[in-house]
Amino acid sequence: MKRFFCMILAFVLCALYAPPPSQAANSDTILRVGLYYGSSAVSSVTLSSTGGFSFGTVSGTTFSGAKTSAATSVTITASGASSFMVKDSSGSAVYTASGDHIAIRGQSGLTKLGDYTYYGDFVLRASSSGALTVINYVALDDYVKGVLPYEMSASWPIEALKAQALCARSYALGNLNKHKSYGFDLCNTTNCQVYRGTSRANANSDAAVDQTAGQILMADGKLAVGYFFASDGGATEDNENVWGGDPVSYLRGVKDPYEDTASASNGVWSVTLTASEVASKLKSAGYSIGTVSTVQVTKRTAMDNVNQVTVTDTSGKSVTIKNSAVRSVFGLNSIRYTINGEGSSSSSGGGLYVNGTQVIDGSLYAVGGSGQSSAIGSASGKTALTGSGKQTISVSSGTTTPSPPTPAGSFTFDGTGWGHSVGMSQYGALAMAKQGFTYDQIVKFYFTGVTIATN
């Protein structure tokens, strides 16, 4: 949106943001979570439950049973889009159904599907070819228990886990009907939130959900969607600078003094791309470019994250990419990086350097409206009016440390952070929890002006 375990695929979260409607949180709210659908639809489904099963239909999200069976393992297939057959482990038919779906409830309250065990009911719908879409109908907080240990380590401090629980719950409610075309609310991948049921949950992660039961983030009287990601590398970012669209009051970038970026998974990274690789990535993203000559950061945000990159080819043609594309086009971990060691210099002496070039040598300059500058004496010791008030100018001297050489015809991106940078940093939440902050303090730091509501 990730994100500790899911950020490898989290680029998919960089979609345009649409403010959600107000939504009340309730532990009894039933979510419809797609487990298999579309290209992942399956020809058969085997479910296991120690207490046997009840079979029937759903109306809305309400289960209505028509028949029970003591069979602890059943396999469901479909013939066309409206005929379902249920057989036990011996191959004997235990139930048949006609209609556009079949609903199945494990009588023990837990049902195993493949390698994972889930709370709630299962609803299966079939295509004309008999391919099955599998949907888990699950209570909101049971869903959060199945998300939490897959989005954040269940061994982390409980205050960090409680902050993550608020984010997961608020994200889910803010994305109801996201996959309406498939007949469910949320999927179980990083396109929404990773959801795998009870398998990785422990007492610590379940307690984090129970202790925040029904709690959601609110801003301006409406639900605040709890976006999160793995590591900010030093600062989060305003939503419009990543996803475009209008500014959202609670998704404001903040400088992060807490996150231990160096200890975060992929918190510090470096990627080198050849000129041909840069061109290939741009063309794959739909841009037209020739032989790449330069790749430069041409705009940064107030948080010092990259907002615009300009690529120029040998003919002088330029392509400018903005917002989330400055990460996704190049396949980078974050929007917080430099290119070819920008800002460093191997030159000696005092002065100001930009991209390794000395632009001011320590003298005091006057700059006119046309952009021309003239030296008017030494700057050292003079007083300047800054945003922080009057300050005495000092000119640095000495030799700066050069960046490692970049191979000819290639471009090195050195960065920090992992993820889209909007909302809560998970490694930041970890660091804050270790420093004694509570979950409400954590979410209020990362989400501007939010309150916590309980239904």
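Do you know which residues across the range 219-249 are part of a strand (DSSP E or B) and among the hydroxyl-bearing types (Ser, Thr, Tyr)?
Matches in the range 219-249: 231 only.
Applying the selection to the range 408-455, what residues are part of a helix (DSSP H, G or I) and buried (at least 24 other Cβ atoms within 10 Å of the Cβ)?
Matches in the range 408-455: 426, 427, 428, 429, 430, 432, 439, 442, 443, 446.
Please tell me if residue 252 is within 30 Å of residue 133 (Cβ to Cβ), of a type in the set (Lys, Arg) and either in a loop (DSSP other than H, G, I, E, B) or in contact with a strand residue (DSSP E or B) (Cβ under 8 Å, 6 or more places away or on another chain) (or both).
Answer is no for this residue.
I'd like to check something: does the range 17-25 contain any residue that is at pLDDT 95 or above and open to solvent by less than 30 Å² (accessible area, probe 1.4 Å)?
no
Which residue out of 245, 221 is farther than 30 Å from residue 41 by Cβ, open to solvent by 20 Å² or more (accessible area, probe 1.4 Å), in contact with a Phe, Trp or Tyr (Cβ under 6 Å, 6 or more places away or on another chain) and among the small types (Gly, Ala, Ser)?
245
Can you list the strands (runs of 3 or more DSSP E) found entirely within the range 61-125 that contain at least 1 residues being touching an Asp or Glu at 6+ places or on another chain (Cβ under 7 Å)?
Answer list for the range 61-125: 62-69, 73-78, 93-98, 102-113.
Report whether or not residue 44 is surrounded by fewer than 19 Cβ atoms within 10 Å (Cβ to Cβ), in contact with a strand residue (DSSP E or B) (Cβ under 8 Å, 6 or more places away or on another chain) and polar (S, T, N, Q).
yes
The values are calculated or read from the model by the stated rules, or taken from the named source; none is laboratory data. These numbers were taken from a predicted model, which means no experiment stands behind them. As a convention, Cβ positions derive from the backbone with ideal geometry for all residues, glycine included, and neighbour counts pool all protein chains shown. Calculation scope for accessible area: heavy atoms of the full protein, side chains included, ligands and nucleic acids excluded. Shrake-Rupley method; radii C 1.70, N 1.55, O 1.52, S 1.80 Å.
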